[in-house]
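Readers should treat all values here as calculations from the given coordinates under stated rules, not as data from a laboratory. Just so it is clear, the structure is predicted and the values come from calculations on it, not from any experiment. Backbone-built Cβ (ideal geometry, glycine too); neighbour counts: all protein chains shown.
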Amino acid sequence: MQTILFKRALVFFALVFFVFLYKFYSPVDYSFFPKCPFLSLTGYKCPGCGSQRALHSILNLDLQSAISHNILTISFIPYLFFGIMIEKMNIQSNKVLFIKKLFFGQKAIYTVLFIIVSFWLLRNILCLNC
């Protein structure tokens, strides 16, 4: 029981630390933020390029800037929160199980993969966010 509480406290404090870090320090201005190895090696943007800047912008309530940095990251935040919420509810009704399967089942995983790969290709072909 103490181990579970310790892990939860550790996750909570790590989350608070990273929210504080990304809220008050811009990845553009500080070199301690990691750089994208795919971009460094190839010159092409990966699907996650701009996510740190987008996170900084969203924490500072600048939605337009966040979308311009990485619209995929911004659009998937509600999806991730919904997944965490539905998992933590731990309700075993048929309705909840149907929703889990619909949004997080095998077809949903392939759909999300398709969206990510499409975004990856389109942002480099069309030079989105150049």
Using R₀ = 25 Å, calculate the FRET efficiency as 1/(1 + (r/R₀)^6) where r is the Cβ-Cβ separation of PHE18 and ILE125; round to 0.05.
0.20
Long-range amide H partners of GLY105, meaning residues 5 or more apart or on another chain whose placed amide H is closer than 5 Å, are none
Size of the dipole of the stretch 50-130 about the Cα centre, Lys and Arg at +1 and Asp and Glu at -1 on the beta carbon, nothing else charged, in debye to 20?
280
Of the DSSP H helices in the chain, those whose Cα atoms cover at least 18 Å axially and whose Kyte score averages 0.0 or more:
2-24, 71-89, 106-125
Over what distance in Å are the Cα centres of the stretch 4-69 and the stretch 81-130 separated?
20
Please give me, ordered by residue number, the chymotrypsin sites (Phe, Trp or Tyr not before Pro) of the stretch 1-75 that lie in loop per DSSP and have at most 15 other Cβ atoms within 10 Å.
TYR25, TYR30, PHE32, TYR44
Given SER40, PHE12, ASN90, which one lies farthest toward the positive end of the charge dipole of the chain, if we put +1 on the Cβ of every Lys and Arg and -1 on the Cβ of every Asp and Glu?
ASN90
Sequence-separation-based contact order of the chain, relative, with Cα cut under 8 Å and 6+ spacing, percent
21
